[in-house]
1. State all residues of the range 186-213 that are among the hydroxyl-bearing types (Ser, Thr, Tyr), at pLDDT 70 or above and farther than 18 Å from residue 111 by Cα; if no residue qualifies, say none.
2. Looking at the structure I just gave you, is residue 61 more than 20 Å from residue 31 (Cα to Cα), at pLDDT 80 or above and out of contact with any His (no Cβ under 8 Å at 6 or more places or on another chain)?
3. Please name all residue pairs, on different chains or six or more residues apart, with Cβ atoms under 9 Å, provided the first residue is in the range 55-72 and is closer than 12 Å to residue 165 by Cα and the second residue is part of a loop (DSSP other than H, G, I, E, B).
4. Filter the range 119-169 for residues that are within 16 Å of the chain's Cα centre (by Cα) and at positive phi and give the result.
5. If you go through the range 32-44, how many residues are open to solvent by less than 10 Å² (accessible area, probe 1.4 Å) and either at pLDDT below 75 or within 19 Å of residue 64 (Cα to Cα) (or both)?
6. Filter the range 170-179 for residues that are loosely packed, with under 15 Cβ neighbours inside 10 Å and assigned to a loop (DSSP other than H, G, I, E, B); which is nearest to the chain's Cα centre (by Cα)?
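The values are calculated or read from the model by the stated rules, or taken from the named source; none is laboratory data. The structure presented is a predicted model; accordingly, all values stated were derived computationally and were not measured. Every residue, glycine among them, receives a Cβ derived from its backbone with ideal geometry; neighbour counts consider all protein chains shown. Heavy atoms of the whole protein, side chains included, go into the accessibility calculation; ligands, DNA and RNA do not. Shrake-Rupley method; radii C 1.70, N 1.55, O 1.52, S 1.80 Å.
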Amino acid sequence: MNTLALGPSWLDPDYLITTFGLIGVLVIVFAESGLLIGFFLPGDSLLFTTGLLVTTDVIKQPLWLVCTLVVVAAVIGDQVGYLFGRKVGPALFKRPDSKLFKQENVEKAHEFFEKYGPKSLVLARFVPIVRTFTPIIAGVSRMNYRSFVIFNVIGGVLWGAGVTLLGAALGKIDFVHEHIEAILILIVLISVVPIVVEFLRARSKGRKAAADTAPDDGIPPSSPRGGGRHAKR
């Protein structure tokens, strides 16, 4: 099966799976679930394609085993992220930006965690970038470990097994096989929508904040001198 490469070949799900196999899928799921460098990886489209390729025998392992291994990789990845957050603590918020690290990603994940609490670990699984940083923020916030494990497992099962099973189920439909490139593009676009929404929202807040802090002396900008003469009188 040939699919359209969406960006660099190493970000194309079909290329990653056919090149590195199931092991590569598990490594990517692990990295995207809790390592700072994994936020840019194609988790959603990768899992969907994995399920689809199981039904076409490109991946030889049974579906139940693939889903189990994906869930384990996702849960362990979050676990590592949580422990990293507990160890690093507040220093994470002072870390300077780099090519692979942006402070705004940490702040977004922190806001997401503060808004939704423990269930953010489940919801964040379906939001690119945020899912990478949320377990780390949970560790920084020293979330109760037992609660973290429970919500981590729930999120890992719903996302890891759920998206993979969705790909496997749709992979049995002839229409999907005939339009696989368009469907993979659609999956990626859906994954990007939350990022675009957050970007536009942050941009809107930034403009509003700038407008609120702009000085307002009541003097029209076009006539500063006239205003000065009236002030002296």
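1. 213, the sole residue that qualifies.
2. yes
3. Between residues of the range 55-72 that are closer than 12 Å to residue 165 by Cα and residues that are part of a loop (DSSP other than H, G, I, E, B), the close pairs are 55/171; 55/172; 66/59.
4. Answer for the range 119-169, where residues must be within 16 Å of the chain's Cα centre (by Cα) and at positive phi: just 129.
5. Qualifying residue count, the range 32-44: 2.
6. 179
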